[in-house]
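For reference, the structure discussed in these notes is given below.
The values are calculated or read from the model by the stated rules, or taken from the named source; none is laboratory data. Quick caveat: nothing in here was measured; it's all calculated off a predicted structure. Ideal geometry is used to build each Cβ from the backbone, glycine not excepted, and the neighbour counts take in all protein chains shown. Please note that ligands, DNA and RNA were not included when accessible areas were found on the heavy atoms of the full protein model with its side chains. Shrake-Rupley method; radii C 1.70, N 1.55, O 1.52, S 1.80 Å.
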Amino acid sequence: MNQTPLIFLGSFAAMAASFWGLVVAPQNTIGRQQATLIQDTGAYYPASRTGSAEAGAQVYRAQGCAECHTQQVRPKGQGGDIDRGWGRRRTVAEDYLADQPVQIGALRLGPDLSNIGRRQPDATYHLQNLYNSRLLKPGSLMPRYTYLFDVRPLGEGVKPSEAALPAATEPGFEVIPKPEAIALVAYLQSLAADVPLFSAPFPIAKTNAAAVVAPAPKQ
Amino acid sequence: MASTSQQSSATGLSDEQINRSCRAAVGILLIGAATWAVIGLLLGLLSSIKMHVPGLWDLCPWVSYGRVRPAFFTAIIFGFLSQIGLASVLWMIARLGRVLLAMPALAVGGAVLWNVAVLVGVLQIMGGMSTGFPLMEMPRHAASLLLGGYTLVALSAFVTHRARVERNLYISHWFLISALFAFPWLMSVGYMLAVVEPLRGVMQSVAGAYFANGVLHLWIAALALGAAYYLLPKCAGVPTHSRQTAAFGFWALVICANWSATSQLIGGPLPRWIISAGISAKWLLLLSAAAYAANYLQTTHKAKSGTQREPAHAFVFFGSLCYCIWTLLEILGTLPSVSPRLTFTLYHQGLLHLALFGFAGMILSGAAYHISSQVFDASIVKGGFIRGHFFLGVFGAGLIAFAYVLGGYAQGATYNDPAVPMTDAVRGVVKFIGMASLGYLLLLLSQLFFLTALVRGVLGATAQERAAFCAWCCGVPDAGNKSRAQA
C-alpha cells in the first residue's frame, strides 16, 4: 500500500458502493412513493400541511424540538410505543412524504409526537404546555418557551385580550401567543400517523379477532 | 522520538526547518481547536444543566436547550476535533514526506476560514437556523464556508504530499488521506440530499444519517487513528508491529463505516433490509477495532524497556481503550435482545460522548501536544497542565459515558413500560443527567488546561515572530516581548 491512488480509488469505491446501497437504491423505491388515496374517506394520505402548520414545522426545527422528541412509532414487540398509546400502528416511510425537513428525532426525553395531533387536539393545552409545561405536568423537564409569547401585566379591571391564554396561566398577566407559537401548535395538531396503510395496518389485538383491515390503496 | 536537529539525508532538510514551515497553520488550528473545545464544553455544560434545571435562562431563545445542544456538538466536532485532525494532517504529511509544507499561506487562510465557518455555524444554530438533522445542524452557508476552508487546507496538504521526498506511505498516511477524501464527499452528499435539494420524505433522514455516521467514522475516527498510528511507534520506540494487520483494519473501516449508517435508525420508518445492512456493517467494524487493538498490544509489548516515553502515550492508551469499548458497545446496542430497550435513550448519547471525548478527543489531544512540542516549544509537555488535562479528561469523559450508558439502560425500561407515567419515567433519568453535568465540568476544566498549555507554549516559542510582527505593524517593537525575543 505505497500508492496514493490506491487509497483514493479504494476509498472512492467504498463510498460510492455505500452511497448506491443506502441512498440510491432506497431512493428508487421508498423515495418515489406517492400519497395514497384512502377509499373510505376519499382523501389523500399524508395530506399536505396548511400554511400555518408548515410554518410551524420550521419553528419546530428552529427550536430543536427533535433533540428531545421523536416522531417514529416502533412496531409492537420492539419497545412499548404502541402500548403507551403513542400510535395505533408503527410509522412507515409513507407517513413522512409531506415533511420538510423530516424530523424523526433520535433521543426521547419527552414523549413521541407522531400522533400528538390525535392524542391531544386542544390548542390551548399545547400553548399552555409551551408556555410552562410544569403548570400542566408538575415535575416535567420540558423547557419554557416564554419567548414565543407576549406577557403583559393586567391592570385592575382590565379585560384580557381574546387571544390570551386562560388567566390561571400567569395570574395578574395576560399571556398572548406570538404567531410562532400559534404556527407551532398548528403543526403539532397536524401530526397524525393514524391511517392504516397496506404496509402498516393496525396490529391485531390478541383478544379481538375482528381486526381493523387496511383499506386497499386505489391503483 | 526524532531529534529536532536530525537531518534528512535525501533533502538536507532538518526537522526544525520542516516544523517551522508548518508553524503558522498548525498554530492557528491548534489554538482554534483548544478554544472551540472550551466554548463547546461551556455549551455542553449549559445544555446538560438545562436538562435537569429546565427553567435556567429560559427567557433567552439563543440558549434554549434545543439550540444549545446541537451548537455544542458542532463546536466539538468541527471546532475542536476536526482542527486538531487538520493540524495533524498538515504536520504529519510534511514530516513523514520529509518536505516543507507547500503553500503555507493557503493553509493559514484555510485555517482562518474554517474557524470563521464554525463561528458562523454555531451562531446560526443558536439563532434558530439549524438544518434539523443530527450532527449536521450547521446551516448551508456556514457549511459552504467550512468546505472552502477545508479546500484551502487540503490543497496545501495534497501539494505537500505530491512533493514528498520519502516516497513510502506510512500507515498514518492511509487514514489521513482517506479522511481528506471522505470529508468533501460527505459534506456534498449530505448537504445536497438533505438540505439543498432534499430527497423526498424519510430519505432525508437516511442522507442525514449517512453524513453523521460518515463524519464520525471516516472523518473524526480516521483522523484519530491516523494520529494514533503515528504516535504509537513514537511512544513505544519500535515500529508498528504489523503493517498488514493495519491495512486490514484500514480497509475494514473504509468499506464498512459508511454502510453502518442506517444502524442508527433501528426501529425507524424504513424497510427492514436497510437497517439490517447497517447493523451487519456495524458488526464488521469490529474487525477494524480488533486490528487496531492487536497492533497496539503487540507494538507496546515490544516497546524497548529503556525508551523515553512520550507524554502522548497516556492519551493514546486511553483513547485506544475507549475506541475498543465504543465499538463493542455500539455493536451491543444493535443486538435484537437489547436494542428495543436502548433505542432512543441516553445510551447512544453516552456512546457518542465516548467516541468524541474518550477516543478521538484523547488521541487527538495527545497528537496536539506532540506536534506542539515539535513545532513550538518542547517544554510544552513538561508542565503540570498536561497531567491535569489528562486526568480531568479521563474522569470527565468516563463519567459522562458511564452516566449516559447506565441512564440509557434504566431509561429504556421505564419508557417501554406503559404502567410508568411518562413524567415519572422522565424524572428517572435526572440523576444520570446530573452525573453527566459533573463530567462536563471536569471536561471543561481539562480543556482549560489544554488551552493554557498550548497558548503558553505558542506564545513562548513565537515571541520573536510576534515582536517582528508588532514592529512591522506599528513601527514600534512589542515592548512586553522585546526582552524575550532578544533572549
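Here are the numbers for the structure shown:
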| quantity | calculated |
| --- | --- |
| Flag if B:E137 is acidic (D, E) and at pLDDT 95 or above | yes |
| Residue within segment A:75-95 that is touching a helix residue (DSSP H, G or I) at 6+ places or on another chain (Cβ under 8 Å) and closer than 20 Å to B:W57 by Cα present | no |
| Single residue of B:L101, B:L123, B:L56 found to be surrounded by fewer than 24 Cβ atoms within 10 Å (Cβ to Cβ) and at pLDDT 95 or above | B:L123 |
| All positions within segment B:358-377 that are open to solvent by 10 Å² or more (accessible area, probe 1.4 Å) and part of a helix (DSSP H, G or I) | B:S373, B:Q374 |
| Among the residues listed as B:R69, B:R23, the single one being under 30 Å from B:L216 (Cβ atoms) and basic (K, R) | B:R69 |
| Residue match in segment B:281-303 (condition: at pLDDT below 95, away from chain A (no Cβ under 14 Å) and not in a helix (DSSP H, G or I)) | yes |
| Sole residue being more than 30 Å from B:E197 (Cβ to Cβ), surrounded by 20 or more Cβ atoms within 10 Å (Cβ to Cβ) and at pLDDT 95 or above, chosen from A:L141, A:L113, A:L130 | A:L130 |
| Those residues of segment B:163-220 which are more than 10 Å from every other protein chain (Cβ to nearest Cβ) and among the polar types (S, T, N, Q), in sequence order | B:S172, B:S188 |
| Test: residue in segment B:304-311 that is more than 14 Å from every other protein chain (Cβ to nearest Cβ), of a type in the set (K, R) and open to solvent by 10 Å² or more (accessible area, probe 1.4 Å) | yes |
| Condition met for B:A413 (within 14 Å of chain A (Cβ to nearest Cβ), farther than 18 Å from B:G40 by Cα and touching a residue at least 60 places away in the same chain (Cβ under 8 Å)) | yes |
| Leading residue by the ranking (farthest from B:A157 (Cα to Cα)) among those in segment B:100-141 that are free of Cβ contacts under 8 Å to residues at least 60 places away in the same chain, assigned to a loop (DSSP other than H, G, I, E, B) and more than 10 Å from every other protein chain (Cβ to nearest Cβ) | B:P139 |
| Qualifying residue in segment B:146-167 (condition: out of contact with any Ser or Thr (no Cβ under 7 Å at 6 or more places or on another chain), more than 20 Å from B:A25 (Cα to Cα), open to solvent by 30 Å² or more (accessible area, probe 1.4 Å) and modelled with pLDDT of 95 or more) | no |
| Residue count for segment B:127-141, restricted to those that are crowded, with 22+ Cβ neighbours inside 10 Å and over 19 Å from the mean Cα position of the chain (by Cα) | 4 |
| Single condition A:R108 does not satisfy, out of (1) touching a Gly at 6+ places or on another chain (Cβ under 9 Å); (2) open to solvent by less than 10 Å² (accessible area, probe 1.4 Å) | (1) |
| Segment B:409-450 - residue that is aromatic (F, W, Y) and open to solvent by 10 Å² or more (accessible area, probe 1.4 Å) and, of those, nearest to B:I386 (Cα to Cα) | B:F449 |
| Checking B:A179 against (1) free of Cβ contacts under 8 Å to residues at least 40 places away in the same chain; (2) closer than 23 Å to B:G40 by Cβ; (3) among the hydrophobic types (A, V, I, L, M, F, W, C), the condition it does not meet | (1) |
| Checklist (1) in a helix (DSSP H, G or I); (2) closer than 19 Å to B:I380 by Cα; (3) at pLDDT below 95 applied to B:L30, failing item | (3) |
| Failed condition for A:I176, given (1) within 25 Å of the chain's Cα centre (by Cα); (2) closer than 26 Å to B:V430 by Cβ | (2) |
| Residue satisfying condition, being away from chain A (no Cβ under 14 Å), modelled with pLDDT under 95 and surrounded by 21 or more Cβ atoms within 10 Å (Cβ to Cβ), within set B:A397, B:A453, B:A463, B:A403 | B:A453 |
| Test: residue in segment B:243-263 that is within 24 Å of B:F344 (Cβ to Cβ) and in contact (Cβ under 8 Å) with a residue 60 or more places away in the chain | yes |
| Test: residue in segment B:79-89 that is at pLDDT 95 or above, within 14 Å of chain A (Cβ to nearest Cβ) and open to solvent by less than 20 Å² (accessible area, probe 1.4 Å) | yes |
| Filter result for the condition that a residue is within 26 Å of B:I279 (Cα to Cα), open to solvent by less than 50 Å² (accessible area, probe 1.4 Å) and of a type outside the set (A, V, I, L, M), over A:G64, A:G80, A:G85 | A:G80 |
